[in-house]
Amino acid sequence: MAREMMYGDAIAAAIIEEMQRDPNVIFYGQNMGMTERDPMLKKFGRERVRLAPISETAEIGIGIGAAMTGLRPIVELWMSEFMLVAFDQVINEAPRFHYMSGGQVKVPVVLKAGFGFCAGWAGQHSNCIYHTMMGIPGLKVVVPSTPADAKGLMTSSIRDNNPVVYLHHYMLTLDKGQVPEGEYAIPLGVADVKRLGSDVTIVATAWMVKKSLAAAERLAQEGISAEVVDPRTLAPLDVKTIVESVKKTGRLVLVDQAPRHSSAATVIAGEVAEHGFEYLRAPIKMVTAIDSSVPYSEPMENFILPNEDKIVQAVKSVLAQQTVAA
Amino acid sequence: MSKKEELGKDKLIWIYTQMVRIREFEEAVKNAFIEHPGAIRGHAHLGDGAEASIVGTLSTRNPTDMVMPSYRCHGYPIVLGTPLRKMMAEIFGRKDGLCKGYGGSMHLADPANHFPGTSGIIGQSIAHATGAGLTAQVKKAGQIVYCFFGDGASKQGAFFESLNMAAVWKLPVVYVLENNQYQAYTHYSLEDANAVAGDPLSNKAAAFSIPGMTVDGTDPLAVREAVSVAAERARAGQGPSLIESKFYRLSAHGNVITVPPLPTQFPEHEAVAVYGNRAELEEWKAKDPVPKFRSRLIGDAVLTEGKAKDIEDAARAEVKDAMQFALASPMPAPEEAINYVYA
């Protein structure tokens with residue numbers, strides 16, 4: 001059974017279901033459970049739903065310590081950039097304990113944060129910072145693009161025995177889609193082919209999946225068949241599914257909201273260059289944000305971001321090229 | 001426990017025994033830099049001078065209470081019953097080490113003995129210990145957490161954020177600020193606002209409206225008395241306390257930071273090496289908690305000279321055995337490095 005749900009509500013549904021299933025799951029963050037009218041508080045009580053002060057280092061560090069000793073905390077961080085004031089905990093604490101202890105300690109904490117809020121939030125609240133985190137062994141990074149994925153990946157993130165950074169895209173919050181009811185888990189580290197195609201592979205995450213699917217629709221009207229692959233988790237990264245798609249299409253366009261050198265696209269390009277070079281019939285093309293901070297004013301914000309036009313143009317450019325003998 | 005309790009002879013002897021075991025272990029680690037050059041890699045940090053504070057604190061512990069110190073972490077698991085063989089093998093990077101050679105001196109972990117793990121980044125583990133307190137509170141298992149950290153760590157944001165949250169949530173944590181007087185190479189009087197004002201570091205507790213107390217960290221019974229009150233408060237669900245246990249780190253911060261193949265060993269204490277203040281070092285050596293407590297127990301007829309010597313000989317033999325075990329243990333296979341990346 002499935003029913004239509006918004007992306008944001010699908011995340012909440014997974015959290016509620018997992019909290020009902022497992023008493024070790026707790027949920028806290030700033031501006032949560034402030035009054036007794038709070039629905040999560042009503043459902044689960046003050047012990048498991050908590051208001052935290054504005055202290056990211058302690059919020060995340062406490063989540064790590066609680067996870068090391070038997071709880072499964074979900075820390076609501078609201079915006080991914082807020083993790084930056086506590087990045088030691090994210091990068092150099094959470095993913096280290098299992099390894100440094102020779103496998104004795106597990107850290108099943110979920111760091112939940114929104115990202116990429118390109119609605120006039122300007123330079124400090126609109127960014128994509130997953131690149132730094134996806135390269136840290138021991139840390140998992142999840143970036144859902146649909147309501148169903150949002151639910152299934154949150155369920156798996158909570159059940160995972162590793163620290164998971166769960167990044168939901170603010171611009172997708174109100175998007176609707178069919179979401180399976182009841183227990184629904186999507187394994188972490190498995191990409192999903194969102195649209196089948198044969199001429200070109202487009203790899204995109206989160207909001208960029210939506211834009212890439214719209215671009216693919218436009219390309220189809222011109223007789224170009226684009227396959228859209230969504231890695232869904234950036235760490236572990238499902239390189240195999242991406243390379244298999246490239247093997248089929250021979251062409252790769254990477255769409256990423258982050259600036260070029262801090263994008264997941266650079267990492268994926270490197271993997272395909274190493275593991276899929278023989279299948280490429282044209283150079284890889286990256287459609288990323290322009291290397292600038294995110295501007296406040298709308299026309300400038302639009303200018304720096306990838307969009308349908310840029311994706312369509314990139315696809316056409318790789319189709320026009322044939323630098324490698326087939 | 002009442003404040004004026006008379007400790008039984010067995011408990012007093014237990015305290016002395018643990019103090020001696022820590023001291024012997026740390027001296028063996030220190031000597032290993034000379035006797036087995038290159039066998040210990042990276043940075044090792046010793047707890048000599050902290051024995052009275054560590055054991056006095058942990059003498060108030062119930063069997064399932066959790067213990068979370070910083071990277072200066074050898075002393076605590078010794079008291080908790082972690083085999084010295086496995087600890088020494090870990091410090092030597094061997095396959096039979098406590099963490100199979102993945103962690104080393106700074107990252108001992110023994111969760112089976114309620115020692116969940118240690119961080120090498122100063123102050124950050126205060127948040128982890130606070131999280132362990134959250135687990136204890138949510139699971140209602142009657143546990144409390146002993147969180148140990150140095151004077152340097154009390155200048156980190158993690159300290160202030162964690163104590164604030166612990167106080168708001170009334171978490172069952174006893175925060176033991178081990179004022180060993182040096183943050184790495186810096187004397188605490190140069191970097192601590194309370195110290196600059198001539199006040200005790202436990203004044204920081206007032207910022208969180210929790211009890212704060214400064215205690216003579218060279219006297220295990222004084223430490224025990226202060227920690228007992230804090231532990232009782234934590235067990236009663238009344239929240240955290242901050243205890244400044246003031247003693248003196250008797251060795252340098254760590255072995256000299258050298259680049260291979262240059263050998264490394266422990267340098268002179270910062271008091272001498274950095275500040276040229278040998279008088280300070282000698283003054284505190286005269287207050288060395290281990291011989292001080294020994295004299296007291298002999299004076300109080302709790303120990304005889306012969307019994308004290310038996311305890312010391314046994315500790316020495318235990319550490320010698322641990323050293324031999326560590327040196328005989330094989331190195332891990334290189335490809336084991338990819339185990340435990342993910343749980």
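The values are calculated or read from the model by the stated rules, or taken from the named source; none is laboratory data. All figures in this text were calculated on a predicted structure; none of them were measured in a lab. Methodologically, a virtual Cβ is constructed for each residue, glycine included, from the backbone with ideal geometry; neighbour enumeration extends over all protein chains shown. Surface accessibility is based on the protein's heavy atoms, side chains included, excluding ligands, DNA and RNA. Shrake-Rupley method; radii C 1.70, N 1.55, O 1.52, S 1.80 Å.
Numbers for the structure displayed
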| read-out | value |
| --- | --- |
| Tally, over segment B:60-90, of residues that are more than 10 Å from the chain's Cα centre (by Cα), closer than 17 Å to residue B:46 by Cα and of a type in the set (Gly, Ala, Ser) | 1 |
| Hey, residue B:326 under 25 Å from the mean Cα position of the chain (by Cα) and modelled with pLDDT of 95 or more or not | yes |
| Verdict on residue A:145 being under 27 Å from residue A:301 (Cα atoms) and surrounded by 23 or more Cβ atoms within 10 Å (Cβ to Cβ) | yes |
| Selection status of residue A:139, closer than 23 Å to residue A:65 by Cα and within 14 Å of chain B (Cβ to nearest Cβ) | yes |
| Set A:180, A:187: member being more than 18 Å from the chain's Cα centre (by Cα) and surrounded by fewer than 22 Cβ atoms within 10 Å (Cβ to Cβ) | A:180 |
| Candidate set: segment A:186-242, residues that are in contact with a Pro (Cβ under 8 Å, 6 or more places away or on another chain) and among the aliphatic types (A, V, I, L, M); chosen: the one nearest to residue A:276 (Cα to Cα) | A:242 |
| Candidates A:100, A:134 - the one that is open to solvent by 10 Å² or more (accessible area, probe 1.4 Å), assigned by TED's automatic domain parsing to the domain that holds residue A:75 and under 14 Å from the mean Cα position of the chain (by Cα) | A:134 |
| Inter-residue pairs, beta-carbon under 7 Å, first modelled with pLDDT of 95 or more and in segment A:240-252, second surrounded by fewer than 18 Cβ atoms within 10 Å (Cβ to Cβ) and part of a helix (DSSP H, G or I), 6+ apart | A:243/A:275 |
| Output for segment B:242-286, where each listed residue is within 20 Å of residue B:20 (Cβ to Cβ) and open to solvent by 70 Å² or more (accessible area, probe 1.4 Å) | B:285, B:286 |
| Selection from segment A:279-326 of residues that are of a type outside the set (Gly, Ala, Ser), in a loop (DSSP other than H, G, I, E, B) and within 23 Å of the chain's Cα centre (by Cα) | A:284, A:290, A:291, A:294, A:295, A:305, A:306, A:307 |
| Verdict on residue B:170 being more than 7 Å from every other protein chain (Cβ to nearest Cβ), farther than 21 Å from residue A:46 by Cα and either of a type outside the set (S, T, N, Q) or surrounded by 24 or more Cβ atoms within 10 Å (Cβ to Cβ) (or both) | no |
| Flag for residue A:64 being open to solvent by less than 30 Å² (accessible area, probe 1.4 Å), of a type in the set (Val, Ile, Thr), under 22 Å from the mean Cα position of the chain (by Cα) and facing chain B (nearest Cβ under 7 Å) | yes |
| Residue tally, condition closer than 25 Å to residue B:25 by Cα, of a type outside the set (Lys, Arg), part of a loop (DSSP other than H, G, I, E, B) and touching a residue at least 12 places away in the same chain (Cβ under 8 Å), over segment B:224-259 | 9 |
| Checklist (1) more than 9 Å from chain A (Cβ to nearest Cβ); (2) under 22 Å from the mean Cα position of the chain (by Cα); (3) not basic (Lys, Arg) applied to residue B:142, failing item | (2) |
| Odd one out for residue A:95, checked against (1) away from chain B (no Cβ under 14 Å); (2) surrounded by 24 or more Cβ atoms within 10 Å (Cβ to Cβ); (3) farther than 26 Å from residue A:9 by Cα | (1) |
| Qualifying residue in segment A:26-35 (condition: farther than 26 Å from residue A:171 by Cβ, of a type outside the set (S, T, N, Q), at the interface with chain B (Cβ under 8 Å from one of its Cβ atoms) and touching a Gly at 6+ places or on another chain (Cβ under 6 Å)) | no |
| Hits in segment A:39-61 (condition: hydrophobic (A, V, I, L, M, F, W, C), touching a helix residue (DSSP H, G or I) at 6+ places or on another chain (Cβ under 7 Å) and at the interface with chain B (Cβ under 10 Å from one of its Cβ atoms)) | A:52, A:58, A:60 |
| Residue in segment A:68-81 that is most open to solvent (accessible area, probe 1.4 Å), counting only those that are more than 7 Å from chain B (Cβ to nearest Cβ) and farther than 16 Å from residue A:128 by Cβ | A:72 |
| Any hit, segment A:109-128, residues being more than 7 Å from chain B (Cβ to nearest Cβ), farther than 17 Å from residue A:161 by Cβ, small (Gly, Ala, Ser) and crowded, with 24+ Cβ neighbours inside 10 Å | yes |
| Cross-chain or 6+ apart pairs with Cβ under 8 Å, segment A:135-146 first and more than 16 Å from residue A:163 (Cβ to Cβ), then part of a strand (DSSP E or B) and small (Gly, Ala, Ser) | A:145/A:204; A:146/A:177 |
| Number of the condition not met by residue B:102 [criteria: (1) touching a strand residue (DSSP E or B) at 6+ places or on another chain (Cβ under 9 Å); (2) not in a strand (DSSP E or B)] | (1) |
| Some residue of segment B:33-40 being touching a His at 6+ places or on another chain (Cβ under 6 Å) and over 12 Å from residue B:224 (Cβ atoms) | no |
| Residue in segment B:211-223 that is away from chain A (no Cβ under 14 Å), within 15 Å of residue B:242 (Cβ to Cβ) and assigned to a helix (DSSP H, G or I) present | yes |
| Any hit, segment A:82-89, residues being open to solvent by 30 Å² or more (accessible area, probe 1.4 Å), closer than 24 Å to residue B:123 by Cβ and at the interface with chain B (Cβ under 10 Å from one of its Cβ atoms) | yes |
| Helices (runs of 4 or more DSSP H) enclosed by segment A:175-278 - at least 3 residues per element that are β-branched (Val, Ile, Thr) | A:239-249, A:264-275 |
| Residue match in segment B:125-132 (condition: touching a Leu at 6+ places or on another chain (Cβ under 7 Å) and either part of a helix (DSSP H, G or I) or more than 10 Å from every other protein chain (Cβ to nearest Cβ) (or both)) | yes |
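Yes/no per residue for (1) on the phi < 0 side of the Ramachandran plot; (2) within 14 Å of another protein chain (Cβ to nearest Cβ); (3) in contact with a strand residue (DSSP E or B) (Cβ under 8 Å, 6 or more places away or on another chain); (4) surrounded by 13 or more Cβ atoms within 10 Å (Cβ to Cβ):
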position: B:295; (1), (2), (3), (4): yes, no, no, no
position: B:300; (1), (2), (3), (4): yes, no, no, no
position: B:305; (1), (2), (3), (4): yes, no, no, no
position: B:317; (1), (2), (3), (4): yes, no, no, no
position: B:324; (1), (2), (3), (4): yes, no, no, no
position: B:338; (1), (2), (3), (4): yes, yes, no, no
position: B:341; (1), (2), (3), (4): yes, yes, no, yes
